[in-house]
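Undergrad: Pasting a structure below so you can have a look.
The values are calculated or read from the model by the stated rules, or taken from the named source; none is laboratory data. What you are looking at is a predicted structure, and each value in this text was computed from that prediction instead of being measured. Ideal geometry is used to build each Cβ from the backbone, glycine not excepted, and the neighbour counts take in all protein chains shown.
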Amino acid sequence: MQTKHFLTAASAAFMVVTTATANADDGYDAPESWPSPMQEHNMGMALFDRLEYSMPDKGLDTVVWDFQGWYGGDVNRVYIKSEGENVYALSEK
């Protein structure tokens, strides 16, 4: 029983020493003069699934749209989604 506790304690101590010396303080195992391997970049996407404008000979003009998009990084990101229809008549004078 004593041997089992000794081996468990020795294994735990070995893991702590190995983990502490394997990586630097910031988690990278690289010299300080090197740049960070990855930087946060904001990206975006816009997708128009449907964007239509119709001008019939008789009747009302119509605009129809279906849009979705996002902008941001991996953690902070804003999503936008819109769809709709607008029917209107141009007045003639």
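Undergrad: Can you pull out the residues in region 63-76 that are modelled with pLDDT under 90 and either under 14 Å from N86 (Cβ atoms) or not aliphatic (A, V, I, L, M) (or both)?
TA: Within region 63-76, the subset modelled with pLDDT under 90 is 73-76.
Hits for region 63-76 are G73, D74, N76.
Undergrad: Would you confirm, using the coordinates I've provided, whether D57 is over 17 Å from N86 (Cα atoms), modelled with pLDDT under 70, more than 13 Å from the chain's Cα centre (by Cα) and not polar (S, T, N, Q)?
TA: Details: over 17 Å from N86 (Cα atoms): yes; modelled with pLDDT under 70: no; more than 13 Å from the chain's Cα centre (by Cα): yes; not polar (S, T, N, Q): yes.
Answer is no for this residue.
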